[in-house]
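Heads up, the thing below is written out as structure tokens.
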Amino acid sequence: MDIYDSLLDAVRSEYDTITLIKKSERGEVLLVRHRDSGTRYIFRHFHGSSEVYRKLLSVSCPNLPKIMEVGEKDGRTVLLEEHVQGDTLSEILQGGLVSTAQAKKMCRQLCSALWVLHSMGVVHRDIKPDNVMIRGKEAVLIDFDASRIYKNANQEDTQILGTTGFAAPEQYGLSQSDGRADIYALGVLLNIMLTGEHPSRKLASGRMGRIVQRCTMVNPEKRYKNILHLMEAL
């Protein structure tokens with residue numbers, strides 16, 4: 001039996017479903033609990049490649065969830081990942097804006113996560129408040145379902161994925177998105193943490209505003225060259 005079938009069987013026989021987190025045409029995301037240990041995990045089952053999740057199997061970073069097991073068969077992927085306990089940034093922002101110091105700290109932690117991803121050639125492509133968990137004092141970047149691996153030979157993205165308002169212009173098929181698409185989204189996120197608005201409507205003041213502006217330039221060449229440059233600016 002391959003990993004795909006054995007993981008599917010194990011989840012059905014050894015785990016209880018606590019909540020259906022997300023369901024779409026592509027698949028579903030469940031919060032499950034192992035009956036014997038009581039440990040909670042995220043279980044994902046979707047149409048699509050496991051390539052990005054397989055790369056993450058070997059990664060240990062406090063700002064990324066640990067991927068436990070991944071199986072793929074006939075274009076479908078199943079996987080178990082660490083359940084990150086905490087609130088989403090989206091939930092936190094419903095209670096009001098965060099301080100400049102907090103926003104900078106969270107963005108630097110997300111830069112750490114993106115540095116790991118980008119160094120493996122992975123572009124997240126869906127950075128938004130719903131995909132950032134706050135666990136204690138750590139910001140954790142979750143949900144790699146829209147992620148892809150940058151391929152030098154491609155001219156543009158094969159599939160348009162991402163969230164309107166956060167997705168960089170090149171994600172709409174103008175060119176292939178690379179790590180600078182994540183820099184764009186992080187700039188939008190930083191601005192929303194500080195002002196509650198998209199930078200096109202209201203830009204953060206002072207130095208933070210200038211950082212946001214550079215992150216969100218339409219031309220990727222005019223943004224920070226890579227995530228470390230943005231980290232230094234913060």
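A few points about this structure:
- Condition met for LEU80 (assigned to a strand (DSSP E or B) and more than 15 Å from the chain's Cα centre (by Cα)): yes
- Test: LEU57 is under 16 Å from the mean Cα position of the chain (by Cα) and exposed (fewer than 15 other Cβ atoms within 10 Å of the Cβ): yes
- When segment 133-153 is filtered for residues that are over 20 Å from LYS55 (Cα atoms) and touching a strand residue (DSSP E or B) at 6+ places or on another chain (Cβ under 8 Å), the ones remaining, listed by number, are MET133, ILE134, ALA139.
- Counting residues in segment 10-31 that are under 19 Å from VAL123 (Cβ atoms) and surrounded by 18 or more Cβ atoms within 10 Å (Cβ to Cβ) gives zero.
- All of VAL52, VAL84, VAL29, VAL59 fail the test of being touching a helix residue (DSSP H, G or I) at 6+ places or on another chain (Cβ under 7 Å) and either without any contact (Cβ under 8 Å) to a residue 12 or more places away in the chain or on the phi < 0 side of the Ramachandran plot (or both), apart from VAL59.
- Failed item in (1) in contact (Cβ under 8 Å) with a residue 24 or more places away in the chain; (2) surrounded by fewer than 19 Cβ atoms within 10 Å (Cβ to Cβ); (3) under 25 Å from SER205 (Cβ atoms); (4) hydrophobic (A, V, I, L, M, F, W, C), with LEU110 passing the rest: (2)
- GLU170 vs. criteria modelled with pLDDT of 90 or more, in contact with a helix residue (DSSP H, G or I) (Cβ under 7 Å, 6 or more places away or on another chain) and of a type in the set (Asp, Glu): no
The values are calculated or read from the model by the stated rules, or taken from the named source; none is laboratory data. Owing to the predicted nature of the structure, the values given are computational and were not obtained by experimental measurement. FYI the Cβ positions are ideal-geometry reconstructions off the backbone, even for glycines, and counts take in every protein chain you see.
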